[in-house]
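Reviewing the structure listed below.
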Amino acid sequence: MRIIGLEAYVLEHEVKRHYRWRKGLPGSPQKQEICWLRVVTDEGIDGWAVSSHGYIVADLVRRRLKEIAIGQDPLLKEHLWHQVWEFDRIEEFPIYALGLLDIALWDITAKVANLPLYKLLGGARDKILAYASTVTWETIDDYLRYADECLALGYKAIKIHAWGDVEQDGKLAKILRKHVGDEIALMYDGSAGFRYEEALKLGRILEEANFLWYEEPMREFNIWQYQRLCNDLDIPILVPETADGCHYNAADFVVHGACDLLRTSTHYKGGITGAMRIAHLADAFGMYVEVHGGGLPNLHLCGAIPNTRYYEILVVNDPKTEREEQGELGIDDEGYVHLPKRPGIGWQIDANKLAKEALWFKKFE
Ligand SMILES: [Mg+2]
């Protein structure tokens, strides 16, 4: 089997539901550009993957990924994964581009095996609980109201992205815990908004409010600060989400005691190959690994990794309608998301339609 071509499609979507994050961070864009990658083989089985940052990624397909992939055996994924890292040394790929080719190659591999990807990867479960991952709303009352709506739909867990203010966020954490009761899992995501002293102070409040995890309170540049925070707090700290270097970097967090839970994802951690390495690293140290973000590839990780607990679903401003829009990626009445049974990743793509709608489309052979 040989790769005989790559195709890149840049598309632009209106962002239908606008949202914001903590103070200091940009909110949602007006329009979002994405790039679909199609890997074409000589045996008629194609692989697909998609990324944010459409034109940046398309440029890397045009200049670099085609050079790595064309003429190669798509099933030699380890070889090609390492080739991407070799090119990264020169090119400095953004982390969202490191796993793009790998995801498409796993799509091909699972189609060859005639299995849904999560079963090929090992198969840990057919469904997983999801947590409602909030955006940043205006008031504490907003959080309580949306929490009620999410719980009524079936969610059993809620993760808050709040304002990035120790006093306000701490107050919200206490009130929300009282509001939802002790049975609901609550998590907090700091989106790297704090310095050490603030992160420590807020962490103590989250401990008191019995939060399940404390995610990325500080930027992940400095392992020593996370080591201090882990030493000073009992609440499990979940990182690294945005640090570059996949499992090589995650290993450093683990051996220095700078995390209690590891973050993994297909889109920031080198595709399926990199994400599964992080999952196994966590398992070797008796840790849970928690999957960052939604979408089909991340859902397959959730189905494949035994030492993980939740699938992440962003809730913007209308949980009920959003669930309908999510289709098979939305929760059932008990709060579970079910793994797709189609071979491969299970994308349902009309290539002709994509080409027609694309702002930019090119085939490389
Ligand atoms: Mg996060």
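Of the heavy-atom accessible surface of the range 119-196 (probe 1.4 angstrom), what whole percent is carbon and sulfur?
Working: 1460 of 3160 Å².
Roughly 46 percent of what the probe reaches on the range 119-196 is carbon or sulfur.
In debye, nearest 20: dipole of the chain around its Cα centre with unit charges on the Cβ of K, R (+) and D, E (-)? The partial results should precede the final answer.
Working: 42 positive and 56 negative charges, 94 e Å.
Magnitude of the dipole: close to 460 debye.
Leaving out ligands, DNA and RNA, what percent of the accessible area of the range 224-273 is carbon and sulfur, probe 1.4 Å?
Details: 740 of 1640 Å².
Within the range 224-273, the accessible surface is 45 percent carbon and sulfur.
Once Rh is set to the Kirkwood radius over Cα pairs, what Stokes-Einstein translational diffusion coefficient, in µm²/s, holds for the range 152-311 at a temperature of 10 °C and a viscosity of 1.306 mPa s?
Details: Rh = 15.8 Å.
Rounded to a whole number, D works out at 100 µm²/s.
Could you sort the peptides 295-304, 41-50 by per-residue average Cβ neighbour count (10 Å cutoff), highest mean leading? Numbers along the way, then the final one.
Details: 295-304: 24.0, 41-50: 18.3.
The most tightly packed comes first, giving 295-304, 41-50.
By average Cβ neighbour count within 10 Å, what is the ranking of 227-235, 190-198 from highest down? Before the final figure, lay out the partial values.
Values: 227-235: 16.2, 190-198: 18.1.
Descending packing order for the listed peptides: 190-198, 227-235.
Subtract the Cα-Cα distance of Lys178 and Leu25 from 0.36 nm times their separation in residues, and report this length gain in nm to one decimal. Working shown, then result.
Working: separation 153, 0.36 × 153 = 55.08 nm, distance 2.85 nm.
Between Lys178 and Leu25, full extension yields an extra 52.2 nm.
Using every pair of alpha-carbon atoms in the range 1-65, split the distances into 10 Å bins beginning at 0 and state the percent of pairs per bin, rounded to integers.
Taking all Cα pairs of the range 1-65, the binned fractions are 20, 37, 26, 12, 5, 0 percent.
For the range 50-206, what number results from the quotient of the Cα radius of gyration and 2.2 N^0.38 Å?
Numbers: Rg = 21.5 Å, N = 157, 2.2 N^0.38 = 15.0 Å.
Its radius of gyration relative to the 2.2 N^0.38 Å reference: 1.43.
Given a 1.4 Å probe, how much area per residue of the range 119-338 is accessible, in Å²?
Working: 8550 Å² over 220 residues.
It amounts to 39 Å² per residue over the range 119-338.
Please grab the % of Cα pairs in the chain that end up more than 33 Å from each other. Please list the in-between numbers first.
Values: 18973 of 66430 pairs.
Tail of P(r) above 33 Å: 29 percent of Cα pairs.
Set the Förster radius R0 to 45 Å, insert the Cβ-Cβ distance between Asn222 and Ile70 as r into 1/(1 + (r/R0)^6), and round the FRET efficiency to 0.05.
So, using R0 = 45 Å, E works out to roughly 0.65.
The values are calculated or read from the model by the stated rules, or taken from the named source; none is laboratory data. None of these values were measured; they are calculated from a predicted model. Methodologically, a virtual Cβ is constructed for each residue, glycine included, from the backbone with ideal geometry; neighbour enumeration extends over all protein chains shown. Areas reflect the complete protein model, heavy atoms only, side chains present, ligands, DNA and RNA absent. Shrake-Rupley method; radii C 1.70, N 1.55, O 1.52, S 1.80 Å.
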